[in-house]
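K.L.:
Sharing a structure with you now.
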């Protein structure tokens, strides 16, 4: 243990005294000195002749960096990498970016300022200073105002400084000694105790997060309405004898907009009794062509010749230009669309009633293109 | 005159630098000649410019009175030495009725809603007619003037009385008066801006318009006071007590309200831009077409970006020359702000800047300087009886 003199300190009772002391010490030409007060004192910067802090530049450039980062990030994500039209705005909607740009600017500026303050200006993780744990520090952190002149000052002379402090009417004047070993102590980050502590903290945080998110959240009353006092479709319902959550419709009910098909499994009757309600015109032929090309052409071919692009992948459908199909009535064709035939499934879900008749009309057009009547010439 | 009533300071009333009076008289005469000529050549355009002049002077006068009030309410110490300057600028309010009179002679050229036959066929305007009609308009305007004059006289009289009596209860009284003034200020300022400026486009509405005008009001009042404080202090009118730490406070406040203005202006723009409703967007489209586009984009730089970077650092806020320059800059910016609010209604096709606008611009500054030099002759420029004065002068960062 080698005790060395670090500085001479003086304590004062009022803020005015400390301002006066700081001014005098500055005027005497001392440079390595500091003032410690319980709270910031107005006018101290001027009394100590401190230059303006450089911290502002950190904030400024971090802020400008945040602005650039935010604009580049959003511009790239929303304009280049994955452009999506939102509300009909352009892919680089600057006004919409401004609030986020502002927030990222402020966030980066503040975090960098605090970080710079802690690690650059305060020199963390170093937390050793000769003034720590001294009578002087105890006083200036409660109700006294202190000044300390370090031995490193080129003008340092213990006797002169004592006289100077006495002439300023300091209430206490005392030297501060320090221990070389203690001050030169280096913080070891890879210390097993410290790392163990970090692991323990990480385990504690993740465990409590797990318990919170997976257990605590589902304890009543935090069940977030997962359990509700109502009967849903697949649940048991004690109100009715059959115990079903959703009751079956009454026998013979017809859904809204639904018209039952009366010719189920009766193709001949359908051929005789069903009448095409659509007179072929440009509109319904357009609809028919559209629907035919979507639903029928994959198998029957665009020209209904049975030569589709799916040829040979399963039994080929016959040509629709055969004598049999040409002589079928519209109603018979309609029936095939509704019920299907052989391998052909029903298309009643894909095509509405109107569309089915439109397809029938379009098919008639296709048939006449190969077997035109004399009157068509 | 020296006073040791509550403060142990030596203040001797000095003559103002004669330059203020000269500039005031010069600008006012040139401005008046141009304005009179303008009214003979193009009365409609002049009337629109007259609104800008009126709103600019309202900004200076009412903003200064507001600064006095918040200084009392906040119990601010650093600004106490400059309260009298703000009170003197409050006198600009007194000239407003005279400036408002020419608007009355051109009411039909300015305001679409004053045409009864238009209102009758326009569903929106007829719904708004219980508010937007000439009788109620007149009643409201008179109401604003009465309220403003009342509070101006009450607050400044009490403040000046303290110079001779030093009675500390007068401060308490004015704190109460200020507290009453603030809600009146908020309501009258909002409705004055709606009546005089927003109703130029009676189909358009923006609920933030009053706040937008307030941000400019506060900024311009602060700017003119900053300019005069720095200038007069350099001429030694305040004695030796005012230092760069006081400048810093003005600079910081100016800087804050530059940002406040930008925040409010952007809020108004972004909501309208985002919602994209035709009844709102046309107002900005008028300012986004032809030469107005250049004006609008330049205006972002003039009113926000340039002052922002000019005042961002600590040394620039304590530099007297920089502060004076930026104060004048911000006053011009506020004038352009009002121009941006008012003139697109008159000339939607493009920016109309000519000698008529110059005349009103010169008159605005001339009147402010002239009223200051006239009013400041008769009062102490420091509130020598105020118990906070000594602490205000001792204010350090």
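The values are calculated or read from the model by the stated rules, or taken from the named source; none is laboratory data. Keep in mind it's a predicted model, so treat the numbers as computed, not measured. Glycine gets a Cβ as well: all are built from the backbone with ideal geometry, and neighbour counts include every protein chain shown.
K.L.:
Being assigned to a helix (DSSP H, G or I), more than 12 Å from every other protein chain (Cβ to nearest Cβ) and in contact (Cβ under 8 Å) with a residue 24 or more places away in the chain is the requirement here; does residue B:285 meet it?
P.N.:
no
K.L.:
Do the conditions hold for residue A:130, that is, is it in contact with a strand residue (DSSP E or B) (Cβ under 8 Å, 6 or more places away or on another chain) and either within 14 Å of chain B (Cβ to nearest Cβ) or on the phi < 0 side of the Ramachandran plot (or both)?
P.N.:
In short, yes.
K.L.:
Does residue B:273 satisfy the condition of being surrounded by 14 or more Cβ atoms within 10 Å (Cβ to Cβ), assigned to a helix (DSSP H, G or I) and over 23 Å from the mean Cα position of the chain (by Cα)?
P.N.:
Yes: the conditions hold for residue B:273.
K.L.:
Right, here's the next one. Identify all residues within segment A:90-112 that are away from chain B (no Cβ under 13 Å) and either touching a residue at least 60 places away in the same chain (Cβ under 8 Å) or over 22 Å from residue A:63 (Cβ atoms) (or both); write none if there are none.
P.N.:
A:91
K.L.:
Could you pull out the residue among B:260, B:228 that is more than 12 Å from chain A (Cβ to nearest Cβ), surrounded by 21 or more Cβ atoms within 10 Å (Cβ to Cβ), farther than 17 Å from residue B:340 by Cα and in contact (Cβ under 8 Å) with a residue 40 or more places away in the chain? Walk me through it before giving the result.
P.N.:
Details: B:260 fails: surrounded by 21 or more Cβ atoms within 10 Å (Cβ to Cβ).
Exactly one of B:260, B:228 is more than 12 Å from chain A (Cβ to nearest Cβ), surrounded by 21 or more Cβ atoms within 10 Å (Cβ to Cβ), farther than 17 Å from residue B:340 by Cα and in contact (Cβ under 8 Å) with a residue 40 or more places away in the chain, namely B:228.
K.L.:
Taking residue B:241 as meeting all but one of (1) in contact (Cβ under 8 Å) with a residue 24 or more places away in the chain; (2) in a helix (DSSP H, G or I), write down the number of the exception.
P.N.:
(2)
K.L.:
Using the structure shown, decide if residue B:216 is surrounded by 22 or more Cβ atoms within 10 Å (Cβ to Cβ), within 14 Å of chain A (Cβ to nearest Cβ), within 18 Å of the chain's Cα centre (by Cα) and under 20 Å from residue B:70 (Cα atoms).
P.N.:
no
K.L.:
Moving to a separate point now. Condition (residue is touching a helix residue (DSSP H, G or I) at 6+ places or on another chain (Cβ under 7 Å), part of a helix (DSSP H, G or I) and within 11 Å of chain B (Cβ to nearest Cβ)) applied to segment A:1-21: is it met by at least one residue?
P.N.:
yes
K.L.:
Answer yes or no: is there a residue in segment A:198-214 that is out of contact with any helix residue (DSSP H, G or I) (no Cβ under 6 Å at 6 or more places or on another chain) and surrounded by 12 or more Cβ atoms within 10 Å (Cβ to Cβ).
P.N.:
no
K.L.:
Only one of (1) under 17 Å from residue A:367 (Cβ atoms); (2) modelled with pLDDT of 85 or more; (3) in a loop (DSSP other than H, G, I, E, B) fails for residue A:331. Which number is that?
P.N.:
(3)
K.L.:
Go over the candidates A:276, A:293 one by one and state the one that is part of a loop (DSSP other than H, G, I, E, B), surrounded by 12 or more Cβ atoms within 10 Å (Cβ to Cβ) and assigned by TED's automatic domain parsing to the domain that holds residue A:367. Explain how you work it out, then say what you get.
P.N.:
On the way: A:293 fails: part of a loop (DSSP other than H, G, I, E, B).
Result of the check over A:276, A:293: A:276.
K.L.:
In addition: For segment B:240-254, enumerate the residues that are surrounded by 17 or more Cβ atoms within 10 Å (Cβ to Cβ) and either under 19 Å from residue B:10 (Cβ atoms) or more than 14 Å from every other protein chain (Cβ to nearest Cβ) (or both). Spell out the reasoning first.
P.N.:
Keep residues of segment B:240-254 that are surrounded by 17 or more Cβ atoms within 10 Å (Cβ to Cβ), which gives B:241-251, B:253-254.
Passing the criteria: B:241, B:242, B:243, B:246, B:250, B:253, B:254.
K.L.:
Step by step: first the residues of segment A:64-89, then only those that are assigned to a loop (DSSP other than H, G, I, E, B) and within 11 Å of another protein chain (Cβ to nearest Cβ), then the one that is surrounded by the fewest Cβ atoms within 10 Å (Cβ to Cβ). Which residue is that?
P.N.:
Selected residue: A:88.
K.L.:
Determine whether segment A:52-59 contains at least one residue that is touching a strand residue (DSSP E or B) at 6+ places or on another chain (Cβ under 9 Å) and either under 30 Å from residue B:245 (Cα atoms) or surrounded by fewer than 14 Cβ atoms within 10 Å (Cβ to Cβ) (or both).
P.N.:
No - not one qualifying residue is present in segment A:52-59.
K.L.:
Let me ask another. Among the residues of segment A:171-192, is any at pLDDT 90 or above and not assigned by TED's automatic domain parsing to the domain that holds residue A:74?
P.N.:
So far as segment A:171-192 goes, yes, one or more of its residues are at pLDDT 90 or above and not assigned by TED's automatic domain parsing to the domain that holds residue A:74.
K.L.:
What helices (runs of 4 or more DSSP H) completely inside segment B:289-397 contain at least 1 residues that are within 14 Å of another protein chain (Cβ to nearest Cβ) and either buried (at least 22 other Cβ atoms within 10 Å of the Cβ) or touching a residue at least 24 places away in the same chain (Cβ under 8 Å) (or both)?
P.N.:
Numbers: elements: B:291-300, B:306-310, B:314-318, B:320-346, B:355-376, B:389-393.
It comes to B:291-300, B:306-310, B:314-318, B:389-393.
K.L.:
Pull up segment A:22-54, narrow it to residues that are facing another protein chain (nearest Cβ under 10 Å) and in contact (Cβ under 8 Å) with a residue 24 or more places away in the chain, then point me to the one that is nearest to residue B:319 (Cα to Cα).
P.N.:
That would be A:43.
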